[in-house]
Protein chains: 2
Amino acid sequence: MSMDLTFLGTASCYPMPNRGVSCIVLKSDRQCWMFDCGEGSQTQVMKSSIKAAKINKIFITHLHGDHLFGLQGFLCTLSQNMPEQTSQETSQNPSVEIYGPLGLRRYLRTCLELSRSPISFSYIVHELEPVEEQLPQDWEEWHPEHTSSGLLHPGEGEGRTIRRDETGAWHLFEDSRFVVKAGAIYHRVPCFGFIIQEKTLPGKLDAAKLKELGVPPGPLYSRIKQGETVTLDNGQVIDPKDVVGPSRPGRKVVILGDTHDPSPLTSLAQGADVLVHEATLENNMRAKALEVGHSTPEMAATFAKTIGAKSLILTHFSQRYRPLGATLEKGEESVSKLQEEAEAVFGPGDVIAAQDLQTVHVQQPNC
Amino acid sequence: MSMDLTFLGTASCYPMPNRGVSCIVLKSDRQCWMFDCGEGSQTQVMKSSIKAAKINKIFITHLHGDHLFGLQGFLCTLSQNMPEQTSQETSQNPSVEIYGPLGLRRYLRTCLELSRSPISFSYIVHELEPVEEQLPQDWEEWHPEHTSSGLLHPGEGEGRTIRRDETGAWHLFEDSRFVVKAGAIYHRVPCFGFIIQEKTLPGKLDAAKLKELGVPPGPLYSRIKQGETVTLDNGQVIDPKDVVGPSRPGRKVVILGDTHDPSPLTSLAQGADVLVHEATLENNMRAKALEVGHSTPEMAATFAKTIGAKSLILTHFSQRYRPLGATLEKGEESVSKLQEEAEAVFGPGDVIAAQDLQTVHVQQPNC
Ligand SMILES: [Zn+2]
Ligand SMILES: [Zn+2]
Ligand SMILES: [Zn+2]
Ligand SMILES: [Zn+2]
């Protein structure tokens with residue numbers, strides 16, 4: 001089954017006419033999930049081949065504007081293009097589930113209510129409660145109310161508050177194909193990385209051999225595929241090992257928000273097939289990067305090596321770096337510099353500097 | 001002195017890659033004022049010749065997303081490009097004053113605080129308190145808190161609450177060149193139109209004649225220009241009528257928010273040199289337009305005639321109308337249809353259907 005990551009915005013800080021801010025879509029067969037939604041993400045979706053109405057989960061890494069300010073507009077536009085649900089359907093079957101840090105529910109509710117924006121589908125905001133170590137030093141200098149009060153928005157369902165569990169993860173959900181968790185990473189504000197773990201895929205049935213052994217097609221096939229030893233009517237015993245190929249490990253995609261230190265996520269992210277890591281500024285601006293809570297390519301590549309990632313995708317580039325392929329004016333630098341700096345640590349070939357609207361195929365592991 | 005209106009977004013509802021949502025900039029010598037700030041307005045500014053840092057006043061007609069959702073991002077980006085002020089400078093000299101309906105202060109404060117966005121300059125939100133007749137029938141079905149509570153944002157100054165005065169206007173401010181007021185117009189939510197009245201410009205001094213009469217250049221010139229009769233040292237009396245040309249009436253620009261009925265603004269808008277009026281849907285969709293609180297070109301043109309406007313600029317077009325100059329696919333219609341429908345009522349030549357990034361020069365009245 002295919003898994004594709006599409007980068008809708010690869011700039012940090014603010015959008016420009018030629019480059020959007022943070023927004024990534026992970027598409028796999030029936031699932032279409034968005035990670036961050038900076039201003040202008042809805043027009044970036046329109047420029048891509050992604051169907052906005054297919055997006056059924058949205059994950060927000062942190063509440064900085066370049067990851068958030070497009071969310072209310074995206075939902076409003078989505079609402080225009082979706083058939084209206086009855087209120088019973090709405091309450092039973094939320095169309096869009098949104099995961100993000102504490103405060104997200106209040107942000108969205110305030111935006112949608114003050115703009116009196118009806119939402120034609122149901123949405124739910126599940127909030128991740130940050131832990132003490134994620135709070136910046138100046139946390140108490142600002143006084144926003146983070147918890148949402150008052151009534152739900154007419155389109156809103158009651159969300160969960162998700163706390164860190166004993167394994168150090170925020171367990172978001174599990175469905176038949178994926179387990180999705182979040183983990184803390186350090187930034188100027190509470191920030192998360194998301195770990196999307198595909199479940200182990202059962203091996204393929206050897207249809208020719210089953211026929212040869214006289215197994216009638218039907219329910220027995222799926223019992224065998226699930227690993228069950230079955231006895232045929234003629235007494236013959238079928239061992240799944242003989243007719244099912246090796247199970248295939250699921251893929252692991254790790255998408256980080258902004259960070260100057262993702263070390264709390266080290267064990268959760270271990271062995272990622274793809275690591276998406278920010279690389280805002282070049283290596284010789286490391287001090288500046290740390291000051292504002294960001295990473296250099298070297299830092300990103302080092303973390304990728306630490307977790308044994310198979311490939312590394314860089315994004316969230318400062319606007320000082322022009323997109324790949326842009327004509328450079330004198331004195332300008334391009335994102336390729338950041339890619340080269342990461343390759344110097346991680347090795348060439350397995351580093352991608354993402355471009356707006358680029359789709360990267362997440363490979364099935366070879367085994 | 002020049003006065004230019006630049007249309008940064010001319011679409012209604014939501015932005016598309018080829019067309020932004022509501023945002024207009026009025027530029028006149030030292031003043032640069034923005035009217036509405038839908039999502040993506042900051043990138044539209046970047047595409048234009050307008051310098052974002054020059055914008056010192058922002059007017060929001062109403063809190064619908066297509067007029068509002070770009071505001072917090074615009075301020076954040078502006079903040080990155082402005083030198084930091086000392087807190088004393090900040091409190092004495094607000095860099096950006098924002099005017100809009102009650103609820104705007106809470107919207108902005110919530111967005112900026114939850115995203116923990118510092119603003120390097122000072123800003124002030126002045127709220128216009130709507131009157132009963134502006135409230136829609138479903139006003140009580142929604143329960144947003146409109147008044148802002150809690151502490152000011154670190155960059156925020158204390159704003160005024162502006163109420164309708166006995167003339168039926170919300171008096172926003174007056175400076176040496178302009179008087180700016182707002183008036184109620186009817187829409188699905190409380191909505192305003194803005195009336196920018198340039199003050200009468202004194203006539204030009206006839207320098208040759210002054211020299212001939214022996215008036216020494218200096219302070220006397222400006223006293224005469226202000227209309228004062230002066231007596232020279234030699235006893236000669238100078239009557240301003242003889243040396244000052246006729247005073248020139250100031251221009252009047254009226255910019256309306258969304259509306260299906262701007263009649264409460266009729267007397268305030270009287271004699272506008274330029275009327276900017278929405279025309280969301282074509283004439284034969286009048287019922288649909290009224291249902292959603294919008295106007296057809298005929299409605300816009302009729303109002304323009306009612307107030308004796310000299311010219312009419314249409315904007316806020318449904319995305320069903322492709323921009324002027326776009327290649328039309330079969331069955332598609334363009335904004336030119338809306339222009340023609342307005343011309344049929346208002347007369348040809350004085351109707352413009354605005355295009356994104358178009359600048360319209362506001363003419364000095366001929367007299
Ligand atoms: Zn960021
Ligand atoms: Zn950030
Ligand atoms: Zn509108
Ligand atoms: Zn509106």
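The values are calculated or read from the model by the stated rules, or taken from the named source; none is laboratory data. Just so you know, these numbers come straight off a predicted model, no measurement behind them. Neighbour counts run over all protein chains shown; Cβ positions are idealised from the backbone, glycine included. Surface areas here come from the heavy atoms of the whole protein model, side chains and all, with no ligands, DNA or RNA. Shrake-Rupley method; radii C 1.70, N 1.55, O 1.52, S 1.80 Å.
So, A:Tyr186, is that one aromatic (Phe, Trp, Tyr) and more than 28 Å from the chain's Cα centre (by Cα) or not?
Numbers: aromatic (Phe, Trp, Tyr): yes; more than 28 Å from the chain's Cα centre (by Cα): no.
So A:Tyr186 does not fit the description; no.
Given (1) within 16 Å of ligand 2 (Cβ to nearest atom); (2) crowded, with 20+ Cβ neighbours inside 10 Å, identify the lone condition not met by A:Val253.
Going through (1) within 16 Å of ligand 2 (Cβ to nearest atom); (2) crowded, with 20+ Cβ neighbours inside 10 Å one by one, A:Val253 breaks only (1).
Anything in segment B:7-21 that is assigned to a strand (DSSP E or B) and more than 10 Å from chain A (Cβ to nearest Cβ)? List them, or say none. Spell out the reasoning first.
Start the filter on segment B:7-21 by keeping residues that are assigned to a strand (DSSP E or B), which leaves B:7-9, B:11, B:16, B:19, B:21.
Passing the criteria: B:Phe7, B:Leu8, B:Gly9, B:Ala11.
Considering only segment A:24-64, state which residues are within 13 Å of chain B (Cβ to nearest Cβ), buried (at least 24 other Cβ atoms within 10 Å of the Cβ) and touching a Phe, Trp or Tyr at 6+ places or on another chain (Cβ under 8 Å). Explain how you work it out, then say what you get.
Taking segment A:24-64 and keeping what is within 13 Å of chain B (Cβ to nearest Cβ), we get A:36-48, A:52, A:60-64.
Then drop every residue that is not buried (at least 24 other Cβ atoms within 10 Å of the Cβ), which leaves A:36-45, A:60-64.
Hits for segment A:24-64 are A:Asp36, A:Cys37, A:Gly38, A:Glu39, A:Ser41, A:Gln42, A:Val45, A:Ile60, A:Thr61, A:His62, A:Leu63.
Against the condition within 16 Å of ligand 3 (Cβ to nearest atom), within 30 Å of B:Arg164 (Cβ to Cβ) and open to solvent by 10 Å² or more (accessible area, probe 1.4 Å), how does B:His277 come out, does it pass? Spell out how you get there, then give the answer.
Working: within 16 Å of ligand 3 (Cβ to nearest atom): yes; within 30 Å of B:Arg164 (Cβ to Cβ): yes; open to solvent by 10 Å² or more (accessible area, probe 1.4 Å): no.
Judged against the criteria, B:His277 is not a match.
Does A:Ser79 satisfy the condition of being within 16 Å of ligand 4 (Cβ to nearest atom) and either more than 9 Å from chain B (Cβ to nearest Cβ) or open to solvent by less than 10 Å² (accessible area, probe 1.4 Å) (or both)?
Working: within 16 Å of ligand 4 (Cβ to nearest atom): yes; either more than 9 Å from chain B (Cβ to nearest Cβ) or open to solvent by less than 10 Å² (accessible area, probe 1.4 Å) (or both): yes.
It is true that A:Ser79 is within 16 Å of ligand 4 (Cβ to nearest atom) and either more than 9 Å from chain B (Cβ to nearest Cβ) or open to solvent by less than 10 Å² (accessible area, probe 1.4 Å) (or both).
So A:Glu127 fits all but one of (1) open to solvent by 10 Å² or more (accessible area, probe 1.4 Å); (2) within 14 Å of chain B (Cβ to nearest Cβ); (3) not in a loop (DSSP other than H, G, I, E, B); what number is the exception?
Here A:Glu127 meets the rest and fails (1).
Among the residues of segment B:87-115, write down those that are of a type outside the set (S, T, N, Q), part of a loop (DSSP other than H, G, I, E, B) and at pLDDT below 95.
Initial filter on segment B:87-115 (of a type outside the set (S, T, N, Q)): B:89, B:94, B:96-109, B:111-114.
Subset that is part of a loop (DSSP other than H, G, I, E, B): B:94, B:102-103.
Matches in segment B:87-115: B:Pro94 only.
Could we say that B:Asp239 is away from ligand 3 (no atom under 16 Å from the Cβ) and surrounded by 16 or more Cβ atoms within 10 Å (Cβ to Cβ) here?
Judged against the criteria, B:Asp239 is not a match.
Can you tell me which residues in segment A:312-335 are of a type in the set (Ser, Thr, Tyr) and within 29 Å of A:Gln197 (Cα to Cα)?
Looking only at segment A:312-335, we keep the residues that are of a type in the set (Ser, Thr, Tyr), and these are A:315, A:318, A:321, A:327, A:334.
Across segment A:312-335, the qualifying residue is only A:Thr315.
Any chance segment A:194-216 includes a residue that's within 16 Å of ligand 2 (Cβ to nearest atom) and either in contact with an Asp or Glu (Cβ under 6 Å, 6 or more places away or on another chain) or modelled with pLDDT of 90 or more (or both)?
Pass one, segment A:194-216, residues within 16 Å of ligand 2 (Cβ to nearest atom): A:194.
With either in contact with an Asp or Glu (Cβ under 6 Å, 6 or more places away or on another chain) or modelled with pLDDT of 90 or more (or both) added as a condition, the list becomes A:194.
Yes, because at least one residue in segment A:194-216 is within 16 Å of ligand 2 (Cβ to nearest atom) and either in contact with an Asp or Glu (Cβ under 6 Å, 6 or more places away or on another chain) or modelled with pLDDT of 90 or more (or both).
All but one of (1) under 30 Å from B:Gln31 (Cα atoms); (2) open to solvent by 90 Å² or more (accessible area, probe 1.4 Å); (3) more than 9 Å from chain A (Cβ to nearest Cβ) hold for B:Leu152; which doesn't?
(2)
Quick check on this structure: which one of B:Gly203, B:Gly214 is farther than 26 Å from B:Leu102 by Cβ, away from ligand 4 (no atom under 16 Å from the Cβ), open to solvent by 30 Å² or more (accessible area, probe 1.4 Å) and among the small types (Gly, Ala, Ser)?
Details: B:Gly203 fails: open to solvent by 30 Å² or more (accessible area, probe 1.4 Å).
Result: B:Gly214 is the single residue among B:Gly203, B:Gly214 that is farther than 26 Å from B:Leu102 by Cβ, away from ligand 4 (no atom under 16 Å from the Cβ), open to solvent by 30 Å² or more (accessible area, probe 1.4 Å) and among the small types (Gly, Ala, Ser).
Does segment A:292-311 contain any residue that is under 19 Å from A:Gly193 (Cα atoms) and acidic (Asp, Glu)? If you could, list the steps in order and put the result at the bottom.
Going residue by residue through segment A:292-311, those that are under 19 Å from A:Gly193 (Cα atoms) are A:292-311.
Now narrow it down to the ones that are acidic (Asp, Glu): A:298.
Within segment A:292-311, one or more residues are under 19 Å from A:Gly193 (Cα atoms) and acidic (Asp, Glu).
Just the residues that are within 13 Å of ligand 3 (Cβ to nearest atom) and open to solvent by 30 Å² or more (accessible area, probe 1.4 Å), please, taken from segment B:280-300.
Result: B:Val292, single match.
Residues being of a type outside the set (Val, Ile, Thr), within 16 Å of ligand 3 (Cβ to nearest atom) and under 18 Å from B:Val96 (Cβ atoms): count how many of those fall in segment B:45-62. Let's see the steps before the verdict.
The first filter runs over segment B:45-62 and keeps only residues of a type outside the set (Val, Ile, Thr), leaving B:46-49, B:51-54, B:56-57, B:59, B:62.
Now drop any that are not within 16 Å of ligand 3 (Cβ to nearest atom), which leaves B:59, B:62.
Keeping just the survivors that are under 18 Å from B:Val96 (Cβ atoms) gives B:59.
Number of matching residues: 1.
Filter segment A:301-330 down to the residues that are open to solvent by less than 40 Å² (accessible area, probe 1.4 Å) and either polar (S, T, N, Q) or part of a helix (DSSP H, G or I) (or both) and list them by number.
Once the filter is applied, which keeps residues that are open to solvent by less than 40 Å² (accessible area, probe 1.4 Å) and either polar (S, T, N, Q) or part of a helix (DSSP H, G or I) (or both), segment A:301-330 yields A:Ala301, A:Phe303, A:Ala304, A:Ser311, A:Thr315, A:Ser318, A:Gln319.
Looking at the structure I just gave you, is B:Gly159 out of contact with any Ser or Thr (no Cβ under 6 Å at 6 or more places or on another chain), more than 25 Å from B:Ala304 (Cβ to Cβ) and touching a residue at least 40 places away in the same chain (Cβ under 8 Å)? Quick ask: steps written out before the conclusion?
Details: out of contact with any Ser or Thr (no Cβ under 6 Å at 6 or more places or on another chain): yes; more than 25 Å from B:Ala304 (Cβ to Cβ): yes; touching a residue at least 40 places away in the same chain (Cβ under 8 Å): yes.
Answer is yes for this residue.
State which residue is surrounded by the most Cβ atoms within 10 Å (Cβ to Cβ) when the search covers only segment A:97-115 and only residues that are among the hydroxyl-bearing types (Ser, Thr, Tyr) and facing another protein chain (nearest Cβ under 8 Å).
Initial filter on segment A:97-115 (among the hydroxyl-bearing types (Ser, Thr, Tyr)): A:99, A:107, A:110, A:115.
Checking the rest, the ones that are also facing another protein chain (nearest Cβ under 8 Å) come to A:107, A:110, A:115.
On the way: A:Tyr107: 26, A:Thr110: 24, A:Ser115: 22.
Here the answer is A:Tyr107.
Do the conditions hold for A:Asp258, that is, is it within 14 Å of chain B (Cβ to nearest Cβ), under 17 Å from A:Ser22 (Cβ atoms), of a type in the set (Asp, Glu) and within 16 Å of ligand 2 (Cβ to nearest atom)? Walk me through it before giving the result.
Working: within 14 Å of chain B (Cβ to nearest Cβ): yes; under 17 Å from A:Ser22 (Cβ atoms): yes; of a type in the set (Asp, Glu): yes; within 16 Å of ligand 2 (Cβ to nearest atom): yes.
Considered against the rule, which asks whether it is within 14 Å of chain B (Cβ to nearest Cβ), under 17 Å from A:Ser22 (Cβ atoms), of a type in the set (Asp, Glu) and within 16 Å of ligand 2 (Cβ to nearest atom), A:Asp258 comes out as yes.
Can you pull out every residue in segment B:258-273 that is β-branched (Val, Ile, Thr) and open to solvent by less than 10 Å² (accessible area, probe 1.4 Å)?
Our first condition is that a residue be β-branched (Val, Ile, Thr); within segment B:258-273, this holds for B:259, B:266.
B:Thr259 - this is the single residue of segment B:258-273 that is β-branched (Val, Ile, Thr) and open to solvent by less than 10 Å² (accessible area, probe 1.4 Å).
Quick one: which helices (runs of 4 or more DSSP H) sit completely within segment B:184-300 and have at least 3 residues that are touching a residue at least 40 places away in the same chain (Cβ under 8 Å) and more than 16 Å from ligand 1 (Cβ to nearest atom)? Step through it out loud before you land on a result.
Numbers: elements: B:207-212, B:219-225, B:240-243, B:266-269, B:286-291.
Where helices (runs of 4 or more DSSP H) fall fully within segment B:184-300 and carry at least 3 residues being touching a residue at least 40 places away in the same chain (Cβ under 8 Å) and more than 16 Å from ligand 1 (Cβ to nearest atom), they are B:266-269.
Which fully enclosed strands (runs of 3 or more DSSP E) of segment A:22-75 have 1 or more residues being farther than 20 Å from A:Arg105 by Cβ, modelled with pLDDT of 95 or more and within 16 Å of ligand 2 (Cβ to nearest atom)? Spell out the reasoning first.
Values: elements: A:23-28, A:31-35, A:57-59.
So the answer is A:23-28.
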